[in-house]
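The values are calculated or read from the model by the stated rules, or taken from the named source; none is laboratory data. Quantities reported herein were computed from a predicted structural model and do not represent experimental measurements. Neighbour counts run over all protein chains shown; Cβ positions are idealised from the backbone, glycine included. To get the accessible areas, we keep the full protein, side chains included, count just its heavy atoms, and leave off ligands, DNA and RNA. Shrake-Rupley method; radii C 1.70, N 1.55, O 1.52, S 1.80 Å.
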Amino acid sequence: MYCSAECRQAAWEQYHRLLCLGSSHQDPDHPLNKLQDAWRSMHYPPETSSIMIMAKMVASIKQAQDKERWQRLFSHFCSRSANEEEEIVHKLLGEKFQGQLSLLRNLFSTALYEDRLSQWFTPEGFRSLFALVGTNGQGIGTSSLSQWVHACDALELPGQQREQLDAFIDQLYKDIDKETGDFLNCEGSGLFLLQSSCNHSCVPNAEASFPDNNFLLHLNALSDIGPGEEICISYLDVCQRERSRHSRHKILRENYLFVCSCQKCMSQVQEADMTSEEEEEEEEEGEAEGDDMEDEMTDV
Ligand SMILES: [Zn+2]
Ligand SMILES: [Zn+2]
């Protein structure tokens, strides 16, 4: 689904020509459907975007006239799956995910293999492609519908037309709710070269947002930033940031391969290695369902 004809055309020209399922949309045996089904089974919807970002990377290069340019572009993103100096390895290298990764790699190769990119299809290369998307992928959430409703609210209309429009919108929300539940937003993820070069802090001074309701990323200051001061975003969401230093470090280590030494972490260095209450609760819930939430592949 695209937000405009221009969007659809741009996608077609960049990668969609190769990824278009056309009449095979519902065909469970189509290699791309098999890949997405496998991914969905190890990952809860609607966050199905990571595997498709990888597919789009391959397709963008295959489709491009200037393939070198795209390859150079992607090579700027950090894709290491281990940090030797700190002796940290990405959680993807754990035994737990080896079976899933090799299944995905087989399906990915069947659907998209390209000689020029053979390095991405080896076990090691596929892992680093995963690490690239996992460490650099930025979630994008937009809501075209609510933007349209805001625009309607702003219209100056004579009384009767206003009533009609409001009634129409009320009914529209009810109908959508019946069909889809209350999930009305578009979710995806993207790779942004400049933003992905920002380091992390548990007390960030900037944050990414998508105020234009498209993929244009804005980086907003959260406090005054002086000349020469580093711009830091947070790789943790708001809830994760409230967790103990120990819990934050676990997430950052396993997904981003570093030990945080931001102001907040340094000021808490004396605290005992406590797991925050919230995380304990989550772990208990997870165990009760026989499902280890912490180790789900949510961050890749
Ligand atoms: Zn299509
Ligand atoms: Zn920190």
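Restricted to the range 112-127, and to residues that are open to solvent by less than 30 Å² (accessible area, probe 1.4 Å) and in a helix (DSSP H, G or I), which residue is modelled with the highest pLDDT? Working first, answer last.
First, the residues of the range 112-127 that are open to solvent by less than 30 Å² (accessible area, probe 1.4 Å): 112, 117, 121, 125-126.
With the extra rule that they be in a helix (DSSP H, G or I), the set shrinks to 112, 117, 125-126.
On the way: LEU112: 96, LEU117: 93, GLY125: 91, PHE126: 91.
Going through the qualifying residues, I end up with LEU112.
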*Identify the residue in the range 87-102 that is in contact (Cβ under 8 Å) with a residue 12 or more places away in the chain and part of a helix (DSSP H, G or I) and, among all such residues, is most open to solvent (accessible area, probe 1.4 Å).*
LYS96
*Check on ARG105, part of a helix (DSSP H, G or I), among the charged types (D, E, K, R) and crowded, with 19+ Cβ neighbours inside 10 Å*: yes
*Which condition does ALA59 not pass, out of (1) at pLDDT below 90; (2) part of a helix (DSSP H, G or I); (3) open to solvent by less than 30 Å² (accessible area, probe 1.4 Å), if it passes all the others?*
(1)
*Which of (1) surrounded by 15 or more Cβ atoms within 10 Å (Cβ to Cβ); (2) within 18 Å of the chain's Cα centre (by Cα); (3) part of a helix (DSSP H, G or I) does PHE77 not meet, given it meets every other one?*
(3)
_Being open to solvent by 60 Å² or more (accessible area, probe 1.4 Å) and in contact (Cβ under 8 Å) with a residue 40 or more places away in the chain is true for just one of PHE168, PHE192, PHE215. Which residue is that?_
PHE215
*Give me the pairs, please: first residue somewhere in the range 247-260 and closer than 12 Å to LYS91 by Cα, second residue anywhere and assigned to a helix (DSSP H, G or I) and basic (Lys, Arg), beta-carbon distance under 8 Å, and either six or more positions apart or on two chains.*
GLU254/LYS91; ASN255/LYS91
